Amino acid sequence: VLSLGVASGKGGTGKTMVATNLAAHAARLGRRVVLADCDVDAPDDHLFLPGEAEWRLLALPRPQIDAEACRAGCTRCRDACRFGAIRILAARPVLFPDLCHGCGACSEACPTGAIRERPQRIGQVGLAPVASGLTLVSGVMDIGETEAPALIRETRLLAGRQDPELLILDAPPGVACPVVASIRGADLLLLVTEPTRFGLHDLTLMLALGRALELPMAVVLNREGSGSADVDGLCAREGVPIVARIPFQRRIAEAYADGRLLLDAHPDAPQWFAALLGALEQLTAQPVARESAA
Ligand code: SF4
Ligand code: SF4
């Protein structure tokens, strides 16, 4: 399986457009493709690739401290928690649920059995066949929950179990933990940017993140012509190739606003995405873009 992270740092650069069209194009070429929508705060790949999803709930074990059974003040639970989710206040352990990652270390460390784990729902993971050869896996976090990385890990696990030839990991915006959970271990990180000051700024952050994670990278320059920021210069200095250029055109924005795949709305789009797949094939030395036998 070739796994490809798609990220942008900045929101609104066209990352979803690139991820969905790339997935659809590879599937139309006869590849077995899974697109994992890891933007669990606000997943929207399904707007471009609608399908009937099968959902299952995801719950994390959350500790509950029995004050009666607690030998107050031993502090082992606090010491075991590397997320700082337990504090000792007035000689009693107090749990801060928003900081808890459900790892179970505190209950294991407690010598009196005062900490029990109860499952607490954090969201759902859905699997939808959306076209021939193309499956969409989406994670959706419940409102008010904070454990995005756990839900993203589950989304990636379910996506990987579908045995894809090409796995596309559509990351959320930003450069924090949810993005890291979405792209870590990918064979290649595709960064979508635009030639604006903001695009350039966030591309710089994403390049640093990609380097920290030791991921090979490539860039898609979207809305080329919409600004004068020197994306070419930055990529040249960083030694990261620009593998596709999508022009700034009204009809592209209209297709996006209508929730239509660019592949179906713009006569040049199949060419753009074929070239992108070809470039990925070269960079990863994997036959992503083979022609369909049909
Ligand atoms: S389950 Fe893990 S993260 Fe949560 S309070 Fe216990 S040790 Fe900390
Ligand atoms: S480890 Fe157990 S006994 Fe010790 S303070 Fe925490 S809950 Fe109480």
Of the DSSP beta bridges with both residues in the chain, give the percent that are antiparallel, rounding to the nearest 5. 45 percent
For R251 and S226 in one chain, what is 0.36 nm times their gap in residues minus the Cα-Cα distance, to one decimal in nm? 7.6 nm
What FRET efficiency do you get for R161 and E238 if R0 is 35 Å and r is their Cβ-Cβ distance, rounded to the nearest 0.05? 0.50
Place the peptides 27-36, 8-17, 61-70 in order of packing, highest mean first, counting for every residue the other Cβ atoms within 10 Å and averaging per peptide. 27-36, 8-17, 61-70
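Taking K and R as +1 and D and E as -1, what net charge do the other residues with C-beta under 12 Å from the C-beta of E154 add up to? If you can, show how the numbers build up before the last one.
Numbers: positive: R56, R153, R156, R161; negative: E147.
Net charge in that neighbourhood comes out at +3.
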Along Cα→Cβ, 7 Å out, is where each label goes; now give me the distance between the ones at E214 and H101 in nm to one decimal. 2.0 nm
If N is the residue count of the chain, its Cα Rg over 2.2 N^0.38 Å rounds to 1.14
Run the quick spin-label model on A69 and E54: label points 7 Å from Cα toward the beta carbon, then report their separation in nm to one decimal. 3.7 nm
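Which of the helices in the chain meet the span-like rule: DSSP H, Cα axial reach of 15 Å or more, Kyte-Doolittle mean at least 0.5?
Details: long enough: 15-28 (20 Å, 0.17); 148-160 (18 Å, 0.47); 197-212 (23 Å, 0.63); 269-284 (22 Å, 0.69).
Helices passing the filter in the chain: 197-212, 269-284.
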What's the longest uninterrupted piece of the chain once you rule out the chymotrypsin sites (Phe, Trp or Tyr not before Pro) that are loop residues per DSSP with at most 14 other Cβ within 10 Å? 84-247
Can you compute the FRET efficiency between R92 and L205 using 1/(1 + (r/R0)^6), with r the Cβ-Cβ distance and R0 = 45 Å? Round to the nearest 0.05. 0.60
From the helices alone, meaning DSSP H stretches of at least four residues, give me the mean residue ellipticity at 222 nm for the chain, per-run term -39500 (n - 2.57), in deg cm²/dmol to the nearest 500. -9500 deg cm²/dmol
What is the distance in Å between the Cα centroid of the range 148-162 and that of the range 54-120? 25 Å
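As an exercise, identify the trypsin sites (Lys or Arg not before Pro) in the range 159-233 lying in DSSP coil whose Cβ has no more than 11 other Cβ atoms within 10 Å. Don't skip to the end; give the middle numbers.
Numbers: sites: R161, R184, R197, R211, R223; in loops: R161, R184.
For trypsin sites (Lys or Arg not before Pro) across the range 159-233 that sit outside H, G, I, E and B with at most 11 neighbouring Cβ atoms in 10 Å, the list reads R161.
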Here the net charge surrounding P164, from other residues whose Cβ is less than 13 Å away from its Cβ (Lys, Arg +1; Asp, Glu -1), is +1
Multiply the residue gap between A274 and F83 by 0.36 nm, knock off their C-alpha separation, and tell me the result in nm, one decimal place. 64.3 nm
Write out the GluC sites (Glu not before Pro) in the range 177-240 meeting two conditions: DSSP loop, and at most 16 other Cβ atoms within 10 Å of their Cβ. E214
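Only the coordinates and a few stated rules stand behind these numbers; no lab work does. Fair warning: this is a prediction, and the values are worked out from it, not measured in the lab. A quick note on method: Cβ atoms are made from the backbone with ideal geometry, for glycine too, and the neighbour counts reach across all protein chains shown.
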